[in-house]
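Below is one structure, written out as structure tokens; the observations come after it.
The values are calculated or read from the model by the stated rules, or taken from the named source; none is laboratory data. Quick caveat: nothing in here was measured; it's all calculated off a predicted structure. Using ideal geometry, Cβ is built from the backbone for each residue, glycine included, and neighbour counts are taken over all protein chains shown. Protein only, heavy atoms only, side chains kept; ligands, DNA and RNA dropped before computing areas. Shrake-Rupley method; radii C 1.70, N 1.55, O 1.52, S 1.80 Å.
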Amino acid sequence: IYSCCYLSRRLNQLSSHDPLWKRHCKKYWLISEEEKSQRNQTWKAIFISTYSDLGRYIRYYATLKKAWDDLEKYLGQRCPRMIGSLKESVREEDLDAVEAQIGCKLPDDYRCSFRIHNGQKLVVPGLMGSMALSNHYRSEDLLDIDTAAGGFQQRPGLKQCLPLTFCIHTGLSQYMALESVEGRNKYEIFYQCPDQMARNPSAIDMFITGTSYLEWFTSYVNKVVTGGYPIIRDQIFRYVHDKECVATTGDITVSVSTSFLPELSSVHPPHYFFTYRIRIEMSKDALPEKACQLDSRYWRITNAKGDVEEVQGPGVVGEFPIISPGRVYEYTSCTTFSTTSGYMEGYYTFHCLYYKDKFFNVTIPRFHMVCPTFKVSTARMEPNHNEYAADEDEDSTDTDEYEDRRRVLDIPAPSGRCPRHT
């Protein structure tokens, strides 16, 4: 008994040793020395008070808090107005009330994130990224908890799905499945995609964007803060650049980044819409007489079946840019495939401004476009004989027209044409 008492006394003394609690405060709650000074409490007291409030989130809090802190710091330097749209945290009772309202439990990683920030106001630009192409524009807000609860779905095709994001311009949302129903995994995150060829109107295919809220949010933040997504006109643009996708011809370098547009794509019929952003730059060390003007373009487009289409045309997006030492020219265009992946490559033809009869080609590096993982609706009925006839259609055409159809079930139907291959 004496030994046990002695052991307990020693454990009690050890547990009151404040430096031990410092490590836990920093590891689990990211409490800084400055914050401790402001709170004027011991490390032990800080840990216990924080745990009493956020203890159920101890597995997630440090990861999500760091993601939010990194994002705020990065955007504060590059798009400060976006920081102003973020909402303050919510209380536990607010999250409990939402669960009671929708009749479903919210995952702890989602709840934890909203204890840090309650999403953002419905503004433009949206925190979850933008995309602009011709007359099409998308910018996704991270919904606050009340707005998300108001959009909770119980209709066939989207049963027990909670919207995470919303685009004011397109009506597009990313949803999180709160239960494993209709072929979805619990807590899976996706863009809905109406099945245009199913006889059942509730048939909704899905482009998968995450397996959990923690993975979905932190992977997006990592893309942003590491420069994986460029900041253009004070907005986060969701273009992905492969560092290998760069080609240099003489003094001119061409690089390409790409993005998949779910709101203009579909699984049935197979129609996968991609946009690409091209950067053309002449070295600042080039001689002045190397200045040149772009005359034309050539594209070789190959889909996953190996089918090849060749496209030639004057200029790019209706322009004939002049490239001189140190100058950068960027533009955006798009393409569609009837297969889930494909690639493009080609060259630009330039003429020298100082020697107008001198022409040369500049290589455009091969860049690949791959549709994200998708799931086919469990509500889809047996296909008719002509259902996959779209597979035989030509992948794309070189045109400056863009056709935007009306939205079906809150998502724009796939557009048949776009200002492609420019």
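Some notes on this structure:
- Value at 222 nm in deg cm²/dmol, rounded to 500, when DSSP H runs of n ≥ 4 in the chain each add -39,500 (n - 2.57): -7500 deg cm²/dmol
- Selected from Arg39, Arg78, Arg233 as most flexible by GNM, with the chain as the system and alpha-carbon contacts under 10 Å: Arg39
- Placing a label point 7 Å from the Cα of Ser32 along the Cα-to-Cβ direction, no residue of region 106-120 has its backbone N under 13 Å from that point.
- Over all other residues within a Cβ to Cβ distance under 11 Å of Ile236, the charged ones net out to +2, with Lys and Arg as +1 and Asp and Glu as -1.
- Solvent-accessible surface of region 239-375, averaged per residue with a 1.4 angstrom probe and all protein chains in place: 44 square angstrom.
- Shape of the chain, Cα gyration tensor, a/c cut at 1.5: oblate
- Measuring between their Cα centroids, region 139-161 and region 255-296 lie 34 Å from each other.
- Theoretical gain in end-to-end length, Lys284 to Arg23 [0.36 nm per residue, Cα-Cα removed]: 89.0 nm
- Ranking by accessible area, most exposed first, for Thr170, Thr249, Thr42 with a 1.4 Å probe: Thr42, Thr249, Thr170
- Here the accessible area is traced with a 1.4 Å probe on the protein chains. For region 239-375, carbon and sulfur cover 49 percent of it.
- Residues Arg199 and Tyr298, FRET efficiency given R0 of 41 Å [Cβ-Cβ distance, rounded to 0.05]: 0.40
- Spin-label model, Thr373/Ser52: points 7 Å from Cα along the beta carbon direction are separated by 4.2 nm.
- Accessible area per residue (1.4 Å probe, heavy atoms of protein chains only) ranks Ile236, Ile208, Ile322 as Ile322, Ile208, Ile236, with the largest value leading.
- Shape call, region 239-375: gyration tensor on alpha carbons, a/c limit 1.5: prolate
- Under a 5 Å amide H cut-off, with hydrogens placed 1.01 Å from N, Gly119 pairs with Lys87 among residues at least 5 apart or on other chains.
- Rounded if a/c under 1.5, otherwise prolate or oblate - region 60-226, Cα gyration tensor axes: oblate
- In this structure, the pairs whose alpha-carbon distance is over 24 Å, taken from Lys65/Lys121; Lys121/Lys375; Lys66/Lys121; Lys27/Lys105; Lys87/Lys243, are Lys121/Lys375; Lys27/Lys105; Lys87/Lys243.
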